[in-house]
Structure formats: structure tokens, C-alpha cells
1. Leaving out ligands, DNA and RNA but keeping every protein chain, what accessible area does Leu121 have, in Å² rounded to the nearest 10, with a 1.4 Å probe?
2. Length gain on complete extension for the stretch Tyr145 to Asn111, per 0.36 nm per residue less the alpha carbon to alpha carbon distance?
3. Using modelled amide H (1.01 Å from N, peptide plane; none on Pro or chain starts), what sits under 5 Å from the amide H of Asp118, excluding residues fewer than 5 places away?
4. Measuring from label point to label point, each 7 Å out along Cα→Cβ, what is the Trp33 to Tyr102 span in nm?
5. Any idea what angle helix 99-111 forms with the longest principal axis of the chain, computed on alpha-carbon atoms, 0 to 90 degrees, nearest 10?
6. Could you report the accessible area of Arg21 in Å², rounded to 10, computed with a 1.4 Å probe on the protein chains as they sit in the structure?
7. Under 30 Å Cα-Cα from Lys129, which lysines qualify once same-chain neighbours fewer than 8 residues away are excluded?
8. Would you work out which of Gln76, Thr36, Phe52 lies farthest towards the positive end of the dipole of the chain? Charges go on Cβ: Lys and Arg +1, Asp and Glu -1.
Amino acid sequence: MEIRRTLSRIERSGLSHFLERLTFDSYQVHNNWQATVKNSGMEFVDNPSGCFFIGGNTGSGKTHICTAICGELIKQGYEVRYYLWRDLLHRLEANRFEEDRYSNLMDEIRNTDVVYIDDFLKTKGDKSKNASALEYAFEIINQRY
């Protein structure tokens, strides 16, 4: 039954297509900063409290390490949800005036054990869209807090 529950958590996470490839074992360490990132991720898995944030340039391994963390947390029994920031932002904007749908989405974000938002705050467009994105980001962080 535990294997079935784990497989179900993997499917619900939205990461099933990444989890086999993006692991701590497959994370390549060529520099000291990469070793620090990997060790920090592994330490977070051992004591998953608060939040884990990583920022950096495209190709630096942010998605890889965060997916590895989520994979390990799923194995530990945590419910994980993966969102791509721009897709989540579009869903929030589209449902802003549909109170039930908006509330359901925010409840999912608030009540899931682990929320992984890839490319968080990465937006394209005018400054008014960026201000709107910051408002949604604040609401999500506030809900999780």
C-alpha cells in the first residue's frame, strides 16, 4: 500500500516526468558552489522545515536540485505540487473573478505539504504585469506562512 501511495503522490505532484532523471545522484558537481547547492538540498531533505530557495542563471541546476528535493520528500510521504510560475500566474489571473475556482486553487497551494514553484517571479512583459505578479507572489507566500 505504501508503494501505491507513493506512486499516487508522484502522479499528483506534476513531476512524474522529471523524477527519475533529476536526482541527487545525477546532479553533476564540477565546482564548489555546486557541491554547496547539493549539500544544502540534501540537508533540507533531512530537516524539511521553512522553505528552500535557489536562484541563479539558466542552466545552473536550479530545477534539477529542487526536483531531487521533491522526489526525496515524496518518498518520505509528503504531498508535493509542482507549478511553473508563468502557468500558475495565468491560472490565478484567469480565475481571479471566479471566486470558487480561485479559492480552490489557493486552497491547494495553502494546504499542500510542499509547493515547488519553478521560475518563481520570472516574468516577461510590462511593469504593470510585474506588479500584478508580485501581488500574487505575496498572496501565495502569505497563505503558506
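The values are calculated or read from the model by the stated rules, or taken from the named source; none is laboratory data. From a predicted model like this one, the values you see are computed outputs, not experimental measurements. When we count neighbours, we look across all protein chains shown, and the Cβ atoms used for this are built from the backbone with ideal geometry, even at glycine. We work out accessible area using only protein heavy atoms, side chains counted, and drop any ligands, DNA or RNA first. Shrake-Rupley method; radii C 1.70, N 1.55, O 1.52, S 1.80 Å.
1. For Leu121, solvent-accessible area is about 80 Å².
2. Between Tyr145 and Asn111, full extension yields 11.1 nm more.
3. When sequence neighbours closer than 5 places are left aside, the close amide H contacts are Tyr83, Leu84, Trp85.
4. 3.9 nm
5. Roughly 20 degrees, rounded to the nearest 10.
6. We get 140 Å² for Arg21.
7. Lys129 reaches Lys62.
8. Thr36
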